[in-house]
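Peer 1: I have a structure here, written as structure tokens, and I will follow up with some questions on it.
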Amino acid sequence: MTGLLGTALPLPRLVRAEDGTGSSALSLPDTHWNAALPMAQVPQKLPLIRFSDRPIVLGTPRPFFDSLLTPNAAFFVRYHLDVIPNAIDLSHWRLLVRGNVAKPLELSFEQLLSRFEPVTVVAVNQCTGNSRSRFAPRVPGTQWGNEGMGNARWTGVRLMDLLHRAGVRPGTVALRFQGLDSGRSAEGTPAHSYAKSLDVGDPILAQCIVAYQMNGEPLPMLNGFPVRLVVPGRFSTCWVKHLSWIEALSEPDRSHWMLEAYRLPDNARHSVTPAEVATGKLATIAASSVPMPVRSFFVRPDGSSKLVVRLPIEVKGIAFSGSGGIRQVEVSTDGGRSWRLARLDPDLGPYSFRGWRLPWTPQRPGVYELRCRATDGKGNAQPTEPIWNPGGYAWNQVETQTVFVGEAA
Amino acid sequence: MNRHRFMAAAAALLLWTLPGSAGSTPTNPDGLSEAGVYALDSSGLLLPTSPYPGNTSSTYSVGAYPLAPTPLARGTGQELVESYCSICHSVTLIGVQPRFPPEFWKKEVDKMIHLGAPIPTEMVGQIVDYLQKHYSPVKTQPSAPEPKPKPSP
């Protein structure tokens, strides 16, 4: 257990072990970034933070975000339903394009590779509920820290190329995407199948790809092998894994997953109060229809080590947005009183993590509150105040990292 | 098997290192305040998954997914919860939720039934009772707002 694996282990466990009671009076490192849960190892993956073993829900430990492209073996996993493919036979597997189309398609994996121009996009895949554990009052669902996200280079076929080949007919209002995963409840019930739709007029369709490659490799099974829908700049809820059916709908999709789950308050911050929810008159929109709000994160320092006074370090992090990439990232080392611009790393495209860094030399021992605040290409800056909504979605408050700086003499 | 061997090794290591520990002498001339201290904690051990045998067929398999549900609190109704909730998901999901107020668990069970959980009407009360008893705040005070989440300390 050395190297990467060693650093990826949750830190609170070490502290807890010291007195064996779980009620240590020691000052803990930041347990907030990653949930303090056991790790689990599943096929094709490194040990990841385990939220659920069935259906499989796993989070990416913070040190992996040191790399702008999240390794496939560390990429987070989130399923709603537990009948997850263990094996897929590509000699039988087909991608179907059907419904209100002139020419239904049945494409083999080989045909996707050979008959369509391959395209590549670097894009962040983030669970709509990433950071849900920060909502106050708490809301049900996967209690993510910040580990429900990852960034990868996706290669595949343009969704529009498939749709043109099939000839989507007039009268189509939406496209519904469904994968091979399913649930054990009765057919027709919401927990039997998971499908998501995008409006036919949504401009994001032109950016979507049906990806057969992730960071230059086949997709891990738990990230959607053999192909998944990539919807750059949008939440993962519509990045359907094991994609097998694309259906042109002439009626709106009125399923549970579109009309009841993954709904955001229809306002700029996607924020309401519990009292407003109780009135039952909340106007909502589908989370899949809006760009992900701008966010930024500290990767280092992560609070696991005490810093030493007058020893220079590089503060390093990532930022992203669904609206035009990252324009700037500001960093405060005094709890938000003053801000300095971080230097941005090379740009991998508007949907990617953007790396940023700032040299810093703490001049006095003490407890410091570091903050980072990103502004995206459309001028949206992260809010200082928290948001709240009943689903625990779209969190993007300015992040705080507490660090301890010790004396050197 | 593996785990037992691992723990035995860890225990042996503990015994072996304790006599040599510098923990009792906080001010060594070389600045070493503590070394060789271990605490036995088997919960941190991870067993590797077996690599799936390779072949060149058109079938891409990863083998079975490991199942290791976190056990539920013991009590009346536990078996009902295990039986009905486990149809669709592992009970691990219950224990990782925050301690929600009792009325929340009623809503959550109703939601699961709406999603398709085949829970007979006469069982709903017992399932909700169990969840409220074991997975709601210990003292049911009038919903004190949880402190705003802040990074540790």
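The values are calculated or read from the model by the stated rules, or taken from the named source; none is laboratory data. Computed from a prediction, not measured in an experiment: that's the story for all the values here. Here Cβ is always computed from backbone atoms with ideal geometry, including for glycine, and neighbour counts include all displayed protein chains.
Peer 1: Within the stretch B:119-139, count every residue that is of a type in the set (Val, Ile, Thr), part of a helix (DSSP H, G or I) and surrounded by 14 or more Cβ atoms within 10 Å (Cβ to Cβ).
Peer 2: Let us first name the residues in the stretch B:119-139 that are of a type in the set (Val, Ile, Thr), namely B:119, B:121, B:124, B:127-128, B:138.
Now restrict to residues that are part of a helix (DSSP H, G or I): B:121, B:124, B:127-128.
Filter once more, keeping what is surrounded by 14 or more Cβ atoms within 10 Å (Cβ to Cβ): B:124, B:127-128.
Going through the stretch B:119-139 one residue at a time, the tally reaches 3.
Peer 1: Does B:Pro66 satisfy being outside the structural domain of B:Ala117 (by TED's automatic domain parsing), without any contact (Cβ under 8 Å) to a residue 24 or more places away in the chain and surrounded by fewer than 12 Cβ atoms within 10 Å (Cβ to Cβ)? Reasoning before the result, please.
Peer 2: Working: outside the structural domain of B:Ala117 (by TED's automatic domain parsing): yes; without any contact (Cβ under 8 Å) to a residue 24 or more places away in the chain: yes; surrounded by fewer than 12 Cβ atoms within 10 Å (Cβ to Cβ): no.
When the stated conditions are applied, B:Pro66 does not pass them.
Peer 1: Another question, if that's okay. Just one of (1) more than 12 Å from every other protein chain (Cβ to nearest Cβ); (2) under 27 Å from A:Ala35 (Cα atoms) trips up B:Pro120, so point out which.
Peer 2: All conditions pass for B:Pro120, except number (2).
Peer 1: Only one of these is surrounded by fewer than 14 Cβ atoms within 10 Å (Cβ to Cβ) and in contact with a strand residue (DSSP E or B) (Cβ under 9 Å, 6 or more places away or on another chain): A:Glu330, A:Glu314, A:Glu276. Name it.
Peer 2: On the way: A:Glu330 fails: surrounded by fewer than 14 Cβ atoms within 10 Å (Cβ to Cβ); A:Glu276 fails: surrounded by fewer than 14 Cβ atoms within 10 Å (Cβ to Cβ).
Sole residue among the options that is surrounded by fewer than 14 Cβ atoms within 10 Å (Cβ to Cβ) and in contact with a strand residue (DSSP E or B) (Cβ under 9 Å, 6 or more places away or on another chain): A:Glu314.
Peer 1: Continuing with the same structure: Find all pairs meeting these conditions: Cβ atoms under 6 angstrom apart; at least six residues apart or on different chains; first residue within the stretch A:348-361 and touching a residue at least 24 places away in the same chain (Cβ under 8 Å) and surrounded by 21 or more Cβ atoms within 10 Å (Cβ to Cβ); second residue outside any loop (DSSP other than H, G, I, E, B) and of a type in the set (S, T, N, Q).
Peer 2: Once the first residue is touching a residue at least 24 places away in the same chain (Cβ under 8 Å) and surrounded by 21 or more Cβ atoms within 10 Å (Cβ to Cβ) and sits in the stretch A:348-361, its partners that are outside any loop (DSSP other than H, G, I, E, B) and of a type in the set (S, T, N, Q) give A:Ser352/A:Asn151; A:Phe353/A:Asn151.
Peer 1: In the stretch B:70-111, which residues are more than 18 Å from the chain's Cα centre (by Cα), within 12 Å of another protein chain (Cβ to nearest Cβ) and of a type in the set (A, V, I, L, M)?
Peer 2: Those that are more than 18 Å from the chain's Cα centre (by Cα), within 12 Å of another protein chain (Cβ to nearest Cβ) and of a type in the set (A, V, I, L, M): B:Ile87, B:Val109.
Peer 1: Related question: In the stretch A:75-100, which residue that is away from chain B (no Cβ under 14 Å), surrounded by 19 or more Cβ atoms within 10 Å (Cβ to Cβ) and hydrophobic (A, V, I, L, M, F, W, C) is farthest from B:Pro48 (Cα to Cα)?
Peer 2: Result: A:Val97.
Peer 1: Determine if the stretch B:76-87 includes at least one residue that is surrounded by 17 or more Cβ atoms within 10 Å (Cβ to Cβ), touching an Asp or Glu at 6+ places or on another chain (Cβ under 8 Å) and at pLDDT 95 or above.
Peer 2: Within the stretch B:76-87 (the criterion being surrounded by 17 or more Cβ atoms within 10 Å (Cβ to Cβ), touching an Asp or Glu at 6+ places or on another chain (Cβ under 8 Å) and at pLDDT 95 or above), the answer is yes, since at least one residue qualifies.
Peer 1: Now a separate question. What tally of residues in the stretch A:101-133 results from selecting those that are more than 14 Å from every other protein chain (Cβ to nearest Cβ) and aromatic (Phe, Trp, Tyr)?
Peer 2: 1
Peer 1: If you check A:Glu251, A:Glu247, which single one turns out to be away from every other protein chain (no Cβ under 14 Å), closer than 30 Å to A:Ile88 by Cα and modelled with pLDDT of 95 or more? Spell out how you get there, then give the answer.
Peer 2: Values: A:Glu251 fails: closer than 30 Å to A:Ile88 by Cα.
Only one candidate qualifies: A:Glu247.
Peer 1: If I ask for residues that are within 30 Å of A:Val122 (Cα to Cα) and in a loop (DSSP other than H, G, I, E, B), which ones from the stretch A:328-369 would you list? Talk me through it step by step, then tell me what you get.
Peer 2: Here is the first cut: in the stretch A:328-369, the ones within 30 Å of A:Val122 (Cα to Cα) are A:328-332, A:339-360.
Passing the criteria: A:Trp339, A:Ala342, A:Asp345, A:Pro346, A:Asp347, A:Leu348, A:Gly349, A:Pro350, A:Tyr351, A:Ser352, A:Phe353.
Peer 1: Same structure, new question: Please work out which one of (1) outside any loop (DSSP other than H, G, I, E, B); (2) crowded, with 20+ Cβ neighbours inside 10 Å; (3) not polar (S, T, N, Q) is the condition A:Val139 fails and give its number.
Peer 2: (1)
Peer 1: Which of (1) more than 10 Å from chain B (Cβ to nearest Cβ); (2) modelled with pLDDT of 95 or more; (3) more than 24 Å from A:Thr402 (Cα to Cα) does A:Thr2 not meet, given it meets every other one?
Peer 2: (2) is the only condition that A:Thr2 fails.
Peer 1: Being under 17 Å from A:Asp199 (Cα atoms), in contact with a Pro (Cβ under 8 Å, 6 or more places away or on another chain), not aliphatic (A, V, I, L, M) and not assigned by TED's automatic domain parsing to the domain that holds A:Arg357, is that true of even one residue in the stretch A:261-277?
Peer 2: No; the residues of the stretch A:261-277 include none that is under 17 Å from A:Asp199 (Cα atoms), in contact with a Pro (Cβ under 8 Å, 6 or more places away or on another chain), not aliphatic (A, V, I, L, M) and not assigned by TED's automatic domain parsing to the domain that holds A:Arg357.
Peer 1: Looking at (1) of a type outside the set (A, V, I, L, M, F, W, C); (2) touching a residue at least 60 places away in the same chain (Cβ under 8 Å); (3) more than 30 Å from A:Asp266 (Cα to Cα), which is the only condition A:Thr333 fails?
Peer 2: Unmet condition: (2).
Peer 1: Every residue in the stretch A:244-263 that is out of contact with any helix residue (DSSP H, G or I) (no Cβ under 9 Å at 6 or more places or on another chain) and either under 16 Å from A:Pro190 (Cα atoms) or buried (at least 22 other Cβ atoms within 10 Å of the Cβ) (or both), please. Even if it seems obvious, please write down each step before you answer.
Peer 2: Looking only at the stretch A:244-263, we keep the residues that are out of contact with any helix residue (DSSP H, G or I) (no Cβ under 9 Å at 6 or more places or on another chain), and these are A:244-245, A:247, A:249-251, A:254, A:259.
Scanning the stretch A:244-263 gives A:Arg254, A:Leu259.
Peer 1: I've got another one for you. What number of residues within the stretch A:65-81 are closer than 21 Å to A:Thr128 by Cβ and within 14 Å of the chain's Cα centre (by Cα)?
Peer 2: Residues of the stretch A:65-81 closer than 21 Å to A:Thr128 by Cβ: A:65, A:70, A:74-81.
Subset that is within 14 Å of the chain's Cα centre (by Cα): A:65, A:70, A:74-79.
So the count comes out to 8.
Peer 1: Does B:Leu72 count as of a type in the set (A, V, I, L, M) and at pLDDT below 80?
Peer 2: Values: of a type in the set (A, V, I, L, M): yes; at pLDDT below 80: no.
Criteria not met by B:Leu72.
Peer 1: Counting only residues that are within 14 Å of another protein chain (Cβ to nearest Cβ) and within 30 Å of B:Val109 (Cβ to Cβ), how many does the stretch A:182-214 have?
Peer 2: 13
Peer 1: Which members of the stretch A:215-244 meet the condition of being more than 21 Å from A:Val290 (Cα to Cα), in contact (Cβ under 8 Å) with a residue 40 or more places away in the chain and within 14 Å of chain B (Cβ to nearest Cβ)?
Peer 2: To start, the set of residues in the stretch A:215-244 that are more than 21 Å from A:Val290 (Cα to Cα) comprises A:215-227, A:242-244.
From the residues that got through so far, the ones that are in contact (Cβ under 8 Å) with a residue 40 or more places away in the chain too are A:215-217, A:219-227, A:242-244.
Within the stretch A:215-244, A:Glu217, A:Leu219, A:Pro220, A:Met221, A:Leu222, A:Asn223, A:Gly224, A:Phe225, A:Pro226, A:Val227, A:His242 qualify.
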